[in-house]
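Colleague: Have a look at this one.
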Amino acid sequence: MTGFPPRPAQLLRPSMTCLVAGCLLALAGCATPPKPPPPTADESLPVALRANQDEVLQEVITTHGDETYICRRIKAGPVALPDTIPGVARDGTQLLWDPLGSEATLVDAAGQSVGTVAPGRYFLSYDGSYVIGNVAAESQVGANALTWARYTARFVAAPRPGEGRFADVSSIQRIDTTGGVPPQPSCELEGAHLLVPYGATYMFYRAKGRAPVALSANQATQ
């Protein structure tokens with residue numbers, strides 16, 4: 001005999017190396033979240049939701065948070081008679097979930113948290129600028145999800161004129177919504193609150209001719 005056969009550990013070493021490498025690759029794949037699909041293009045939206053011709057897209061921001069509701073006694077519709085609709089009182093009112101607004105974090109294209117959405121259609125940037133929106137149009141695009149909407153800027157503010165992420169925003173589109181709708185429209189305890197998770201993409205526009213807001217390199221380009 002001219003030598004000894006290799007030990008089992010030596011025989012297993014190449015396969016173990018491959019196994020470890022494969023595991024590391026698998027873990028790396030799991031650690032990298034898939035990129036979200038691109039937002040629905042403006043020209044594909046219902047006409048009422050499209051941006052004006054004198055506007056240009058400034059930034060695309062996504063959000064995940066909660067749509068907030070309060071249980072209120074609301075006047076039922078004209079056909080909601082007490083003897084035909086369960087839960088309708090003699091005065092024609094019914095306990096229903098009434099929306100208060102959105103509470104969510106705004107995330108830019110680089111995955112960085114850049115601000116928040118607050119009830120009343122407040123869009124607040126961490127740099128101190130903010131915009132308050134008015135509902136210009138809505139469209140129920142998907143079942144069991146919040147409406148898609150277009151907001152026009154009712155009020156904008158910034159630490160200094162023309163400075164800040166939202167300082168020159170003229171309108172906002174809310175599209176590609178998921179969730180945010182109560183499982184049942186009716187409720188039982190008046191004054192109770194409900195949080196329903198939702199997600200959406202917000203498209204921020206400014207008027208053409210306005211200088212782009214100074215953003216960091218990690219934020220969406222103009």
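Colleague: Quote the FRET efficiency, to the nearest 0.05, computed for S44 versus A143 with a Förster distance R0 of 25 Å and r equal to the Cβ-Cβ distance.
Modeller: Here the calculated transfer efficiency is 0.85.
Colleague: When the chain is fully extended, how far beyond the present Cα-Cα distance does R210 get from N134, taking 0.36 nm per residue of separation? Please list the in-between numbers first.
Modeller: Values: separation 76, 0.36 × 76 = 27.36 nm, distance 2.12 nm.
Taking R210 through N134 to full extension adds about 25.2 nm, to one decimal.
Colleague: Then there is this: Between R160 and D98, what is the label-point separation in nm under the 7 Å Cα-to-beta-carbon projection?
Modeller: 4.4
Colleague: What is the packing order of peptides 123-130, 189-196, taking the mean over residues of other C-beta atoms within 10 Å and listing the highest first?
Modeller: Most protected by this proxy first, the peptides run 123-130, 189-196.
Colleague: Can you pull the one-decimal nm distance between simple spin-label points at A192 and V107, each 7 Å off the Cα toward Cβ?
Modeller: Here the modelled spin labels are 3.0 nm apart.
Bear in mind that the values in this text are calculations on the coordinates, not laboratory data. Keep in mind that what you see is a predicted model, and the values were worked out from it rather than measured. Positions of Cβ are backbone-derived with ideal geometry, glycine not excepted, and every protein chain shown enters the neighbour counts.
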